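Working notes, beginning with the structure itself.
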Amino acid sequence: MNSPVFSALRTLARELRTVWMLVLVCVVLSFASPTFLTSTNLLNVGLATATVALLAIGQSYVIVLAEIDLSVGATLAFSAMATALVLRHHGLALGILVGLGTGAVVGLVNGLLVTRARMPSFIVTLATMSILAGLTLQISSGNPVAVTDYSFQGIGQDYLAGVPVPVWLMLVAYLVFGVLLARTGFGRFVYATGDNLEAARLSGIRTQRIKVIAFVLAGVLAALGGFVLTARLSTAEPTAGTGYELESIAAVIIGGTSLAGGRGKLLGTLIGALVLGVIDNGMNLLDVSPFLQEPVKGVVILLAVYFDRNIDSLRALTFWRNPGNPAVPTPSPSPSPSKTDPVG
């Protein structure tokens, strides 16, 4: 059972456990609802998942660094509101630049407070979330702002080759940032910093800069998610980001990224976001009460975190357990009785 082939299969099974979760949910829903596997419904799942999936990319970088960003939902709403207000009076290009710049500045402030002021990211981003939520309500007077620019609306409502533009944006973003994390020196520095901060610092990695860049990326991607949501609705809602921070964290954790840092892949995050989107879609198709949908998602998140924290213990209970593990003693062979031994 310790052969290289079996060890590789065991590693592959661990990496693909999120895929199995997605396949299992899809199989169950395909039997429960005849409309689930239709192309129209699957495109709707991708469209509904795009915003959370974009936020989850930035959240993945932050969580791999053993930090967390609770402000991405509020950043989404604030940058979307800023974009809508600027776009109305100064045009599309300036509106988009202001929206992306707003997300970058929020991420920069978060990163500097975490690294320079040595404040816990949980507290920093919780405070930032509260500040941005209040500012969004203040600048909008609590009212939605309509977006009538057709070019901007196309970001959320147009199709390319039969697929909604937000789905293309999501796939391109995962490809670009996935390569950045998995195939570049910057990605290796992110993993090293999240795995062992002090060792990374002593080896010459500028760990503070790496963290600041990760928070900036999270802010910019939150702004991009705000573009998609605002364009779909043709309106910037002051409370649009409510709950998105938890959805993005859930997608990352379900996708197998460790809260302890140093481990995780963007492909897993994408699948985690799709799992949440499929569950949402399935509950709507099955006409599950809205009051029960959040508890169901909460249970899924708890199970994902449980498996993440206890994967080694659970693996020891399977037939793949290591025979040499001292926790599972291997019975020693009993000596065979000699033909000459006396009996009785």
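The values are calculated or read from the model by the stated rules, or taken from the named source; none is laboratory data. None of the values given here were measured: they were computed from a predicted structure. A quick note on method: Cβ atoms are made from the backbone with ideal geometry, for glycine too, and the neighbour counts reach across all protein chains shown. With ligands, DNA and RNA removed, areas are computed over all heavy atoms of the protein, side chains included. Shrake-Rupley method; radii C 1.70, N 1.55, O 1.52, S 1.80 Å.
Of note:
- S33 long-range amide H proximity, modeled H, under 5 Å: none
- J(HN,Hα) series, segment 139-154, from Karplus relation 6.51 cos²θ - 1.76 cosθ + 1.60, nearest Hz, glycine and proline x: 6, 9, 6, x, 10, x, 10, 6, 10, 10, 6, 5, 5, 5, 4, x
- The listed peptides 98-107, 268-277, 136-145, ordered by packing as a protection proxy, come out as 268-277, 98-107, 136-145 (highest mean of other Cβ atoms within 10 Å first).
- Take segment 122-161 with all the other protein chains still there, run a 1.4 Å probe, and you get 60 Å² of accessible area per residue.
- Atom-type composition of the exposed protein surface of segment 32-116 places 72 percent of the accessible area on carbon and sulfur (1.4 angstrom probe).
- Amide H contacts of T235 (H built 1.01 Å from N, under 5 Å, at least 5 apart or other chain): V147
- Efficiency of FRET from Cβ geometry, L97 and M119, R₀ 51 Å, rounded to 0.05: 0.95
- Residue-level accessible surface for V109, protein heavy atoms, 1.4 Å, Å²: 70 Å²
- Counting heavy atoms of the protein chains alone, Y244 has an accessible area of about 50 Å² for a 1.4 Å probe.
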